[in-house]
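Colleague: This is the structure I want to talk about, given as structure tokens.
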Amino acid sequence: MTRKPVALYQVETFGSALSGIKDEELEEILNRWAEDGWDIINLHAVGDNKVRVIARRVPVSPRTRRRGWP
């Protein structure tokens, strides 16, 4: 029996050793992730020009969709 994951995680680093990512570009990426159901759980600088983003998405099953807020 295969177990489905409780949550999915995504880790991505933006920028390069020569130049960082522009604020507008990062904002666009984060908004797109939010539209796809990803929640940012951590965002931090890596070196001088890089940003690492960690996001999580909880899969929605028919059972959890039917459940309302307590």
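Colleague: Placing one identical point scatterer on every Cα of the range 1-50 and ignoring solvent, what is log10 I(q)/I(0) from the Debye formula at q = 0.19, 0.21 Å⁻¹?
Modeller: -0.73, -0.84
Colleague: What is the distance, in nm, between label points placed 7 Å from the Cα along the Cα-to-Cβ direction at TYR9 and at VAL51?
Modeller: Label-label distance for TYR9 and VAL51, simple model: 2.1 nm.
Colleague: Hey, got a sec? Which trypsin sites (Lys or Arg not before Pro) in the range 1-52 land in a DSSP loop and have at most 14 other Cβ atoms within 10 Å?
Modeller: Filter output for the range 1-52: ARG3, LYS22.
Colleague: Could I ask something else about it? Given labels modelled 7 Å from the Cα in the Cβ direction, how far is it in nm from ILE40 to GLU24?
Modeller: 1.8
Colleague: Rolling a 1.4 Å sphere over the protein heavy atoms, what is the accessible area per residue of the range 1-54, to the nearest Å²?
Modeller: That works out to 82 Å² per residue.
The values are calculated or read from the model by the stated rules, or taken from the named source; none is laboratory data. What you see is a predicted model, and the numbers here were worked out from it, not measured in a lab. Because the Cβ atoms are built from the backbone with ideal geometry, glycine has one as well, and the counts that use them run over all protein chains shown. Surface accessibility is based on the protein's heavy atoms, side chains included, excluding ligands, DNA and RNA. Shrake-Rupley method; radii C 1.70, N 1.55, O 1.52, S 1.80 Å.
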